[in-house]
Amino acid sequence: MLKKICMVLMLVLLLAVTGCEPTEKLTGKTGEVKDVTGQNNPVATELKDPNPLTREFVVYRIQKNGEEILIPEKVRYAAGNKKAEEAAVEALVNTDPVSKQLTNLFPAGTQVLGVKVDGDTATVNFNQNFASRGQGSFNERMMINAVVCTLTEFPAIKKVKFLVEGKEIDTISGHMDLLDPLTRNPDVLKKPDKKNK
């Protein structure tokens, strides 16, 4: 009886050791998964990223040197299933500039609560952090213009309206009137180099 138990234990041990060999040694392939369900549908071999859609957007950045000119920069952003307009503003707010000459002036904790497009006007809804007071005239003007320029990269959008927590605001720090929708301001865009003309 003791011999039989020893034989069974050795057989189990042998099977366990053989089962631990890497898949590629046993099958000649890396990561092969067999369908043991009895159906013809293949078994998934990897987990899907819940937010797989990464898109490229042109966003407008502020220069560190204080010059009142915005610089366009291409960024890749994991937008998921969000509308392109909302994802573009999120990319502007949430990503760091690629160039070390540029900076992100959005106050810490700024969130995009939504972007709604009606005709040629996009309405952007930010949380309260966006409208924190005491930002100064440069920060306010450049931040607002960066949002407007980023959204007007979409051909259908000509004007941008600003909301905070779903409510209209007249200004952030008193330097820009935000009650009416704003259009792209060519004065804050980088001028073409005269040598290239």
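The values are calculated or read from the model by the stated rules, or taken from the named source; none is laboratory data. Just so it is clear, the structure is predicted and the values come from calculations on it, not from any experiment. Neighbour counts run over all protein chains shown; Cβ positions are idealised from the backbone, glycine included.
Restricting attention to the stretch 118-154, the residues being under 15 Å from Leu92 (Cα atoms) and in a strand (DSSP E or B) number 3. Scoring Asp96 on the criteria (1) farther than 18 Å from Phe57 by Cα; (2) in a loop (DSSP other than H, G, I, E, B); (3) of a type in the set (D, E, K, R) leaves a single failure, condition (1).
From the list Glu68, Glu73, Glu90, exactly one residue is acidic (Asp, Glu), farther than 23 Å from Asn127 by Cα, surrounded by 15 or more Cβ atoms within 10 Å (Cβ to Cβ) and at pLDDT 90 or above. Which is it?
Glu73
When Ile144 is tested against (1) in contact with a helix residue (DSSP H, G or I) (Cβ under 6 Å, 6 or more places away or on another chain); (2) under 24 Å from Phe57 (Cβ atoms); (3) free of Cβ contacts under 8 Å to residues at least 40 places away in the same chain, just one condition goes unmet, and that condition is (1). Of the numbered criteria (1) in contact with a helix residue (DSSP H, G or I) (Cβ under 6 Å, 6 or more places away or on another chain); (2) farther than 20 Å from Asn65 by Cβ; (3) in contact (Cβ under 8 Å) with a residue 40 or more places away in the chain; (4) not in a loop (DSSP other than H, G, I, E, B), the one Ile157 fails is (4).
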